[in-house]
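To start, the structure itself, in structure tokens.
The values are calculated or read from the model by the stated rules, or taken from the named source; none is laboratory data. This is a predicted model, so every value here is computed, not measured. Methodologically, a virtual Cβ is constructed for each residue, glycine included, from the backbone with ideal geometry; neighbour enumeration extends over all protein chains shown.
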Ligand SMILES: [Zn+2]
């Protein structure tokens, strides 16, 4: 995929906010090339917007929240993961409240909505951030590493002393993994924490309909898990979404262990902090090669090569 993409037409979804428990209407609209992803709060006067960019991250507890001035939009990561997984570069997301609907706790409903609207190729080439050297943050038991690779890939691993989780890992490779393989992986939480959060006025909309919930021994959802390694898949899904906040496509290998929204945005900040860490290219090497070849052919330098 070489050119930027947007949606063919607008599409709406409705659901409840995980923390507020109130209904939310979300509309995803096509946007011009080079506009990126922006969120518009239609419930606020003047319908202010905020761009999906790591510099606009204002909170990473429980979910990724972006904001600017008086506007904030929370729980953006699963929709951003769908944009990342389907290679959508440009979209305007209208929402009539402070958080996106949680839907089933995964990115699958967003993916289906975008696919039903259709994906349109645009004329401009997709700019890509290419990692040039290793960048590492975190500690011995929780870390995030980015290093050069020929493609965008994420290896996510988790370790929980819990009979239903234990050690799990999932390796997403842009060239090999279909987004469908992890789009349906749901967010998860522990019954204990959900009860505490509800007392604090959070997770009011949280239920077995929109999360995998565990007690001390097992998964409480009647239908069980969607994948044996659903927890690891969801961690990688979250990372796909959070790395969309780079604002451009990304090429590099991200290795994440027990990471979360905080480490994801800190890693992006660490990469962008030093211009020697990366390069932003317009189109891939494979795409540039034919252009150089065409130029060489035009100049007669490699005449005869087919
Ligand atoms: Zn998540």
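Being within 22 Å of residue 204 (Cα to Cα), modelled with pLDDT of 95 or more and crowded, with 16+ Cβ neighbours inside 10 Å narrows it down to one residue among 92, 75; which is it?
Criteria check complete, one pass: 75.
Name the single residue, out of those in region 256-276 being surrounded by fewer than 19 Cβ atoms within 10 Å (Cβ to Cβ) and touching a strand residue (DSSP E or B) at 6+ places or on another chain (Cβ under 7 Å), that is farthest from residue 78 (Cα to Cα).
Of the residues in region 256-276, the ones surrounded by fewer than 19 Cβ atoms within 10 Å (Cβ to Cβ) are 258, 262, 266, 269-270, 272-276.
Going one step further and asking which of them are touching a strand residue (DSSP E or B) at 6+ places or on another chain (Cβ under 7 Å), we end up with 258, 266, 270.
On the way: 258: 18, 266: 19, 270: 23 Å.
Applying the filter and picking the extreme gives 270.
Which count do you get for residues in region 84-99 that are touching a strand residue (DSSP E or B) at 6+ places or on another chain (Cβ under 6 Å) and within 16 Å of the ligand (Cβ to nearest atom)?
1
Report those helices (runs of 4 or more DSSP H) wholly inside region 142-249 carrying at least 3 residues which are without any contact (Cβ under 8 Å) to a residue 24 or more places away in the chain and out of contact with any helix residue (DSSP H, G or I) (no Cβ under 9 Å at 6 or more places or on another chain). Spell out how you get there, then give the answer.
Values: elements: 180-183, 191-199, 230-243.
Here the list reads 191-199.
Inspect region 32-54 for any residue being in contact (Cβ under 8 Å) with a residue 12 or more places away in the chain and within 16 Å of the ligand (Cβ to nearest atom) and give the result as yes or no.
Yes, region 32-54 contains a residue that is in contact (Cβ under 8 Å) with a residue 12 or more places away in the chain and within 16 Å of the ligand (Cβ to nearest atom).
Look at residue 114 and say whether it is in a loop (DSSP other than H, G, I, E, B) and away from the ligand (no atom under 16 Å from the Cβ).
no
So residue 234 fits all but one of (1) modelled with pLDDT of 95 or more; (2) at positive phi; what number is the exception?
It fails just one condition, (2).
Which of (1) more than 13 Å from the chain's Cα centre (by Cα); (2) within 14 Å of the ligand (Cβ to nearest atom); (3) buried (at least 22 other Cβ atoms within 10 Å of the Cβ) is the odd one out, the single condition residue 60 does not satisfy?
(3)
Given the conditions (1) at positive phi; (2) more than 16 Å from the ligand (Cβ to nearest atom); (3) at pLDDT 95 or above, which single one is not true for residue 121?
(1)
If you scan region 71-99, which residues turn out to be under 16 Å from the mean Cα position of the chain (by Cα), touching a residue at least 40 places away in the same chain (Cβ under 8 Å), over 19 Å from residue 6 (Cβ atoms) and not in a helix (DSSP H, G or I)?
Matches in region 71-99: 74, 75, 99.
(1) within 27 Å of residue 263 (Cβ to Cβ); (2) touching a residue at least 40 places away in the same chain (Cβ under 8 Å): which one isn't true of residue 8, the others all being true?
All conditions pass for residue 8, except number (1).
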